[in-house]
Amino acid sequence: MSGSTAHGRFALRAPDRLGFGLHVVPAWGSEPLRWRAGRIRRRLNDTVEGWRSWSRLHRGYVGPWQDEVAHSGRVLRALTFAPSGAIVAAATTSLPECVSGTRNWDYRYTWVRDASFTLQALSTAACEKEKDKFFGFLARAAATQLHRGVNLQIMYGIGGERDLSERLLPHLAGWRDSTPVRTGNDAWRQRQLDVYGELLDAAHETLPPREHLDPATRAFLVQAADTAARRWTEPDQGIWERRGPSRHFLHSKLMCWVALDRAIAMAPTSATSRKPSATSDSSTPPAPSAMPGSSPHRKEPSTSPRHESATSACTPSGRDQRG
């Protein structure tokens, strides 16, 4: 030990094996028990057998790139926090895009934007239980925000935490002296309108077709669709999480349209047979609020995200404004 840093050096030759364990205890805690080599070896063998057993139970996919799909399933499983079902974007923080770079963010959180892609990958890799638990985590973590009229948060902690305030750790040198080292991610404060489309698409991918939704899930999805319909014309920080003034982004507006499209697709067929009012057009597809449990008295947006997003997200010269 040198101060607060532990050093070790050893040499191995084939077929030598060396096992070692790292223990973490509070500074005021008692000295950790040292594990003997046999115990470390048994723990390693148990871990290997656990992964092999899990892999044998998830061999449902047969097709192109079969080994790669199976390995992807294992990676997603390894990124899962088992108690809650949350899947993090990465297991690391503060690894820069290049050596000595400063774009080194903390990715140990769950992004709503990743959800639909992650759920599709879990489904392909025959990880149905993991898929259901992950969507359940997203729904529980975000459930009360829309009800209170606040922005749907774009990311959550693995336990559903919402305050992910970012702070610097100046006492750490960083990978190859790439500073600053961060914990937390201030992107959680941003408004990113595309998350409504990502969330509804995730629900569309996960929930069995024509299954009756429980009242809480149904109300939550209705609120998400209604919010997308109401707010799609507003500026936001966009998919690249720009740390500056809000702007109009084409991707955000198209994903609001995805939110409405998926909500309509999930609405039961009985909702489309409602008797139209005297002023409604019977050829108009049902609004997202046609899902059971929602209010039929909903003001429709004056323009369609699908028809208007391209013009509102471009400069007068027609160039995309994305950062």
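Throughout, read-outs are computed from the coordinates displayed, never taken from laboratory work. Model, not experiment: these values are computed from the prediction. Positions of Cβ are generated from backbone atoms using ideal geometry, with glycine treated the same way; all protein chains shown enter the neighbour counts.
Could you check the spin-label model distance between Thr124 and Trp28? Points 7 Å from the Cα along Cα→Cβ, value in nm.
So the label points at Thr124 and Trp28 sit 5.1 nm apart.
Using a ≥ b ≥ c from the Cα gyration tensor of the stretch 176-234 (square roots of the eigenvalues), is it rounded, prolate or oblate, where a/c under 1.5 gives rounded and otherwise the larger of a/b and b/c decides, a/b for prolate?
prolate
Can you list the residues of the stretch 34-57 with backbone N under 15 Å from a point 7 Å past the Cα of Leu18, pointing along Cα to Cβ?
Counting backbone N atoms under 15 Å from the label point, the list is 37.
Between Ala173 and His212, what is the FRET efficiency for a Förster distance of 45 Å, r being their Cβ-Cβ separation, to the nearest 0.05?
Efficiency computed from Cβ-Cβ geometry: 0.25.
Taking amide H positions as placed in the peptide plane 1.01 Å from N, state which residues far from Asp106 in sequence (5 or more) or on other chains have amide H under 5 Å from it.
Ser94
Expected output is a single nm value to one decimal: the length gained when fully extending between Arg140 and Arg189, i.e. 0.36 nm times separation in residues minus the C-alpha distance. What is it?
Gain in length upon complete extension: 15.8 nm.
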